[in-house]
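Where a number appears in this text, it was derived from the coordinates with a stated rule and is not lab data. What you are looking at is a predicted structure, and each value in this text was computed from that prediction instead of being measured. Positions of Cβ are generated from backbone atoms using ideal geometry, with glycine treated the same way; all protein chains shown enter the neighbour counts.
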Amino acid sequence: MRINPAELALDGDGTPFSPVYGDVYHSAESGPGQAQQVFVQGNDLPRRWAHARVFTILETGFGLGLNFLATWRQWRADPARCERLHFVSIEKHPFDRAALATLHRRYGEFAPLARQLQDAWPPLVAGMHRLHFEDERLTLTLAFADVAELAPRLRLRADAIYLDGFAPRLNQEMWSPQLLQRLARLARPGTTVATYSSAALVRRGLEAAGFAVEKCPGFGHKREMLRGSYAPRRPQAEADEPGDRHAIVIGAGIAGAAISERLARRGWSIDLIDSRAMPATHAPAGYAGVFHPHVSPDDCMLSRAARNGFLYAVRRWLALEQSGLAPAWARCGVLQLCGDSERERRMLAALAALGFPAEFVRYLERGEAETHAGCALGSGGWWFSGAGWMRPLSLIDAQLAAAGAALSAHFGTRVETISRRGERWQALTAEGKLIAAAPVLVLANSNDTTRLSPVAQPLQQIRGQISYLPAGELSAPRIVLTGSGYVLPAADGVVVTGSTYDRGNDDPEPQMQGHEDNLRRLAQLLPHARVAVDPAKLDGAVGFRCAAPDHLPLVGAMPDVDAARLRGNALSGARLTDLPRRIGLYCASGYASRGLVWAALAGELLASMIEGEPLPIEGDLADALDPGRFVLKQARRGTL
Ligand SMILES: Cc1cc2nc3c(=O)[nH]c(=O)nc-3n(C[C@H](O)[C@H](O)[C@H](O)COP(=O)(O)OP(=O)(O)OC[C@H]3O[C@@H](n4cnc5c(N)ncnc54)[C@H](O)[C@@H]3O)c2cc1C
Ligand SMILES: C[S@@+](CC[C@H](N)C(=O)[O-])C[C@H]1O[C@@H](n2cnc3c(N)ncnc32)[C@H](O)[C@@H]1O
């Protein structure tokens, strides 16, 4: 979806106003006052969140974020506040950061919080943006989307709902009976709802959706408002909260390190197992990878997921940096070269159709691209100014340090088998020795994942080799260049370039052929550079990617393939929720060539799933990453 930002305008009273909808953003009397009385008190907050572990608020219409800021302020001031507050809000026409900052100046009472919100404000691109505040005790998940399209795809249980569209007669889709029914599906018995509106249509819609509704005095000049609570006729099953917050994570690569850090943040203890003696020493210090979003003309699943992954990863890494655990990385910008005029035409057309803001991606003509790169190039291309390179080993180090005492490391220990005994998973060595036992086990062991638990689809192991050029041998670009391969700026005396994509080759050592291939790729990226190095003398590194046929990672609860096969035809019309699963077993694997883009978001997604918190991405995206997707596909085709 292309985002059309909101326009900054004021009405005759000086109240923020939408020329598109013809309505004001809040009561002329006071925005903060309305937020406090109608939405915070209307939902019986702070009483309802007192002493809860997690409390979730869902809002329709983020607007200026005044309801969010009022809720945040209330939560901060409350000694009995819930441990963690999730605020999920849907906004079709977000303000850009500058407009938001201008508008926020009107509400001095929120100044310090508003500044934090502005600093964290994401680029205006469609999708869900998870932002953490207050040392992650407050999480805002902003969904830039149309409410009617998004509501069926939200995965969360709300404890309180703020209905804050423009006036129902001017903004009907924010109040339709269908939408209210959808929101009710996200409620649990006792979930409260509040809105400034007292329109009969809204009251009837809420009642039809299962809410018991009452009118009460409105804010300012409004006589009445509505508030209610969800009272479904049929009792609903509630998911169990995890009891013992203890997990085994197999694999201490970027997948396992990220999930360990995310779970540790939520108070879990982790047994992290890796067959390598020290994960942080298994690759040369010079090794660095590239991170950048994926753009496609049809904004396919891969592009949507990679966009969320990229933006979330950068936020996480900045947070690590702020906490003093700085990974070695640079946001020097990445230029995806177009190469020729036909591809240039397609790249330009895609950006025109997608309407992304320049801070996310824009097209650079060759001349401007050369200025950024500091060297001659063969073409222009897509410019991702916030992207760059990262040393994965430094990231792993930083995440393990962040997990701190929550982590028990078992390095130099290979898991041969896993088994479920009673309520716990066990990880065992080849000699049958118990390494660790816990109610939850996460497989983050890349190409070895499906040996321990199948997903009805072999994953491909693809060898990759990168080459290290001595920095003196070429005038390297100041930015990352990608195309058929990639080249990084010089760092620590080395220019990293790569990489090969070798199927059916399992040689763990660099090969001369690989260096030659990499030098050929480099010549395409930098056609004017004279690189006179002898491939036989080059240093490099080899790794093995793990890829699913659809190039998407596998993140989520593991399917029980044997149980699914036993059900046979009964699953032919099944959905993912119908699949039998292996209780407490999850995976974060299949990151293929984009581990840096997937790892942080996948860690947050998995931790949210395990904890029963709102998911950071839309349900259809979560389904696209579900490790059960291959079982489902085969069950539908009758080939399981
Ligand atoms: C040459 C090359 C270049 C690349 N360039 C980039 C790039 O520029 N940008 C990017 O984002 N991605 C890049 N990638 C991809 C990226 O490296 C991967 O996506 C990423 O490393 C996957 O991380 P992981 O944690 O899933 O797997 P791994 O890093 O492979 O970690 C898995 C860990 O599990 C452990 N393990 C496995 N089985 C067991 C077991 N039975 N018991 C105990 N431990 C076990 C292993 O020892 C290993 O440490 C590149 C890959 C290659 C090969
Ligand atoms: C009254 S304002 C919200 C004020 C906001 N809650 C605050 O605290 O500042 C209504 C908001 O709903 C948004 N909106 C309108 N139609 C929408 C739709 N179909 N989907 C999502 N958001 C929509 C508008 O862009 C606007 O920001």
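Around the amide H of Phe211, modelled in the peptide plane, lie the amide H atoms of Ala231, all under 5 Å away and 5 or more residues distant in sequence or on another chain.
Have a look at the DSSP beta bridges in the chain and tell me what percent are antiparallel, nearest 5. Provide the component values of the computation, followed by the final result.
Details: 67 of 110 bridges.
Antiparallel bridges make up about 60 percent of those DSSP assigns within the chain.
Label positions at Arg575 and Lys222, each projected 7 Å from the Cα along the C-beta direction, are separated by 3.3 nm.
Sorting the Cα pairs of region 334-385 by distance into bins of 10 Å, from 0 upward, gives 28, 57, 15, 0 percent per bin. Charge dipole of region 196-257 (Cα centre as origin; +1 on each Lys and Arg Cβ, -1 on each Asp and Glu Cβ, all else neutral): 540 debye, rounded to the nearest 20. Compute the angle between helix 301-322 and the longest alpha-carbon principal axis of the chain, please, reported from 0 to 90 degrees and rounded to the nearest 10. With rounding to tens, the tilt is 90 degrees. Which whole-angstrom value gives the distance between the alpha carbon centres of region 285-337 and region 605-633? Each part's Cα centre sits 21 Å from the other's. Note on region 397-553: dipole from Cβ charges, positive end direction compared against Ser475, Ala491, Pro439; the farthest Cα belongs to Pro439. Derived value for region 582-638: Kirkwood hydrodynamic radius 12.6 Å. Basis is the mean of 1/r over every pair of different alpha-carbon atoms. Backbone geometry of region 179-194 corresponds, through the Karplus equation with coefficients 6.51, -1.76 and 1.60 at θ = phi - 60°, to 3J(HN,Hα) couplings of 5, 5, 4, 4, 5, 4, 5, 9, 9, 10, x, x, 4, 9, 9, 8 Hz, x marking Gly and Pro. Assuming R0 = 30 Å, can you tell me the calculated FRET efficiency for the pair Glu431 and Met278, based on Cβ-Cβ distance, to the nearest 0.05? Step by step, r from the Cβ atoms, then E = 0.85.
Any idea what the dipole of region 460-544 comes to, in debye rounded to 20, about its Cα centre with Lys/Arg Cβ at +1 and Asp/Glu Cβ at -1? Walk me through the intermediate numbers first.
Numbers: 7 positive and 10 negative charges, 75 e Å.
Value, rounded to 20: 360 debye.
Loop-resident trypsin sites (Lys or Arg not before Pro) (DSSP state other than H, G, I, E or B) in region 225-318 with no more than 14 further Cβ atoms inside 10 Å of their Cβ: Arg233. Between Asp96 and Ala6, the built amide H atoms are under 5 Å apart, and every one of these is 5 or more places off in sequence or on another chain. Projected label points at Arg185 and Tyr501, each 7 Å from Cα along the beta carbon direction, are separated by 3.8 nanometres. Backbone amide hydrogens, once placed in the peptide plane, bring Arg545 within less than 5 Å of Ile462, Arg463, Gly464, excluding anything fewer than 5 places away on its chain. Computed over region 355-423, the percent of Cα pairs more than 21 Å apart is 60. For Asp517, what charge total do you get from the other residues with a beta carbon under 13 Å from its beta carbon, if Lys and Arg give +1 and Asp and Glu give -1? Charge balance in the 13 Å sphere: +1. All alpha carbon pair distances within the chain were sorted into 20 Å bins beginning at 0; the resulting P(r) in whole percents reads 18, 49, 29, 4, 0. Loop-located trypsin sites (Lys or Arg not before Pro) across region 500-541 with a Cβ neighbour count of 16 or fewer within 10 Å are Arg530, with loop assigned by DSSP. If you fit an axis through the alpha-carbon atoms of helix 512-525 and take the longest principal axis of the Cα set of the chain, what angle between them do you get, 0 to 90°, nearest 10? That helix lies at roughly 50 degrees to the long axis. Debye-formula intensities of region 481-640, expressed as log10 I(q)/I(0) at q = 0.13 Å⁻¹, are -0.77 (one equal scatterer per alpha-carbon, no solvent). One decimal place: the segment Ala28-Ala401 gains 129.3 nm when fully extended, by the rule 0.36 nm per residue minus the C-alpha distance.
Within the P(r) computed for region 227-318, what percentage of the Cα pairs occupies the region above 22 Å? Distances greater than 22 Å cover 57 percent of the Cα pairs.
When the Kirkwood hydrodynamic radius is evaluated over all pairs of different C-alpha atoms of region 460-544, what value in angstrom, to one decimal, is obtained? Let's see the in-between values first.
Details: mean 1/r = 0.0781 Å⁻¹.
About 12.8 Å for region 460-544.
Remark: region 254-268, residue by residue, has Karplus-estimated 3J(HN,Hα) of 5, 5, x, 5, 5, 5, 4, 5, 5, 6, 4, 4, 9, x, 8 Hz, where x stands for each Gly or Pro and the curve is 6.51 cos²θ - 1.76 cosθ + 1.60 at θ = phi - 60°.
Gyration tensor analysis over the Cα atoms of region 128-270 returns equivalent ellipsoid semi-axes of 36, 18, 15 Å (largest first, whole Å). So for region 370-500, taking the charge dipole from beta-carbon charges (+1 Lys/Arg, -1 Asp/Glu), which of Thr500, Ser379, Gln457 sits furthest toward the positive end? My answer, from the dipole projection, is Gln457.
Computed over all pairs of different Cα atoms, the Kirkwood value for the hydrodynamic radius of region 17-230 is 17.1 Å.
Each Lys and Arg contributes +1 and each Asp and Glu -1, all at the Cβ; summed about the Cα centre of the chain, the dipole is approximately 1300 debye.
Could you tell me the center-to-center distance, by alpha carbons, between region 102-168 and region 192-236 in angstrom? Cα centres, region 102-168 to region 192-236: 22 Å.
In this simple spin-label approximation, Ala9 and Leu201 carry label points 7 Å from Cα along the Cα→Cβ vector, and these lie 2.1 nm apart.
Net charge of the neighbourhood of Leu85, taken over other residues with C-beta under 13 Å away and scored Lys/Arg +1, Asp/Glu -1, is -1.
Converting phi to 3J(HN,Hα) with the Karplus coefficients 6.51, -1.76 and 1.60 and the offset θ = phi - 60°, region 445-454 yields 10, 6, 5, 9, 4, 6, 5, 7, 7, x Hz in sequence order, with x at every glycine or proline.
Each of Phe95, His132, Ala120 was scored by the projection of its Cα onto the charge dipole of region 92-138, and the greatest displacement toward the positive side belongs to Phe95; charges sit on the C-beta of Lys, Arg, Asp and Glu. For helix 66-77, report the angle its Cα long axis makes with the longest principal axis of the Cα atoms of the chain; keep it between 0 and 90° and round to the nearest 10°. So the helix axis and the longest Cα principal axis differ by about 90 degrees.
Rounded to the nearest 500, what is the chain's calculated 222 nm mean residue ellipticity when only DSSP H runs of at least 4 contribute -39500 (n - 2.57) each, over all residues?
Working: 18 runs with 181 residues, N = 640.
Taking each H run of at least 4 residues, the total per residue is -8500 deg cm²/dmol.
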